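S.K.: Got a structure here, written out as structure tokens. Questions coming.
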Amino acid sequence: MAGTKPAFVVLDEPDVLAFLDVRPVFKGHVLVVPKCHLVTLPDLPADQLLCVFGAVQRIGSALQRALHADGHWVAVNNVVSQAIPHLHVHVVPRRRKDGLRGFFWPRLRYEDGEAADHAARIRSALGG
């Protein structure tokens, strides 16, 4: 169907895209990316900060509402531990006593249909 977004996309705006990480730290883990190609955070022009981090802020709030998370964690890797050479911001739902310690983050997999469900709930909480 023309114009249909993949089920894992949670936000698609003119300058920013956000979608579920296929190997989430916790289910609902979202990656926010500028649509223009940039490799690291220092490459992001100042006039795009509000666009990208405004989306990060809204998604963090949406994760808490949609997934009943206690909070969220935001991270950006620059070069080191950056598996994809394109700027991306991790927004991860957190719960008290969720077991996340230090910088050793286990990765999970979604069951069939579970990613689409999480994405739909987050989109709904974003008002979309």
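S.K.: Give the residues of segment 118-128 that are closer than 16 Å to residue 68 by Cβ and loosely packed, with under 14 Cβ neighbours inside 10 Å, sorted by residue number.
M.R.: Of everything in segment 118-128, just one residue is closer than 16 Å to residue 68 by Cβ and loosely packed, with under 14 Cβ neighbours inside 10 Å, namely 124.
S.K.: Note down all Cβ pairs under 7 Å where the first residue falls in segment 39-52 and is surrounded by 11 or more Cβ atoms within 10 Å (Cβ to Cβ), the second is modelled with pLDDT of 95 or more and charged (D, E, K, R), and they're at least six residues apart or on different chains.
M.R.: Hits for this filter: 48/15; 51/15.
S.K.: Kindly evaluate residue 42 against the criterion of being at pLDDT below 95 and touching a strand residue (DSSP E or B) at 6+ places or on another chain (Cβ under 8 Å).
M.R.: no
S.K.: Assess whether residue 39 counts as being closer than 24 Å to residue 112 by Cα and among the aliphatic types (A, V, I, L, M).
M.R.: No: the conditions fail for residue 39.
S.K.: Then there is this: Given the residues 108, 49, which is the only one that is in a loop (DSSP other than H, G, I, E, B) and more than 21 Å from residue 127 (Cα to Cα)?
M.R.: From the options 108, 49, the qualifying one is 108.
S.K.: Then there's this: Just to be sure I understand, how many residues within segment 71-104 are over 27 Å from residue 36 (Cβ atoms), at pLDDT below 85 and surrounded by 14 or more Cβ atoms within 10 Å (Cβ to Cβ)?
M.R.: 1
S.K.: Which of the residues belonging to segment 11-33 are aliphatic (A, V, I, L, M) and either closer than 18 Å to residue 100 by Cα or at pLDDT 95 or above (or both)?
M.R.: 11, 16, 17, 18, 20, 25, 30, 31, 32, 33
The values are calculated or read from the model by the stated rules, or taken from the named source; none is laboratory data. Quick caveat, the model's predicted, so the values are computed rather than measured. Positions of Cβ are backbone-derived with ideal geometry, glycine not excepted, and every protein chain shown enters the neighbour counts.
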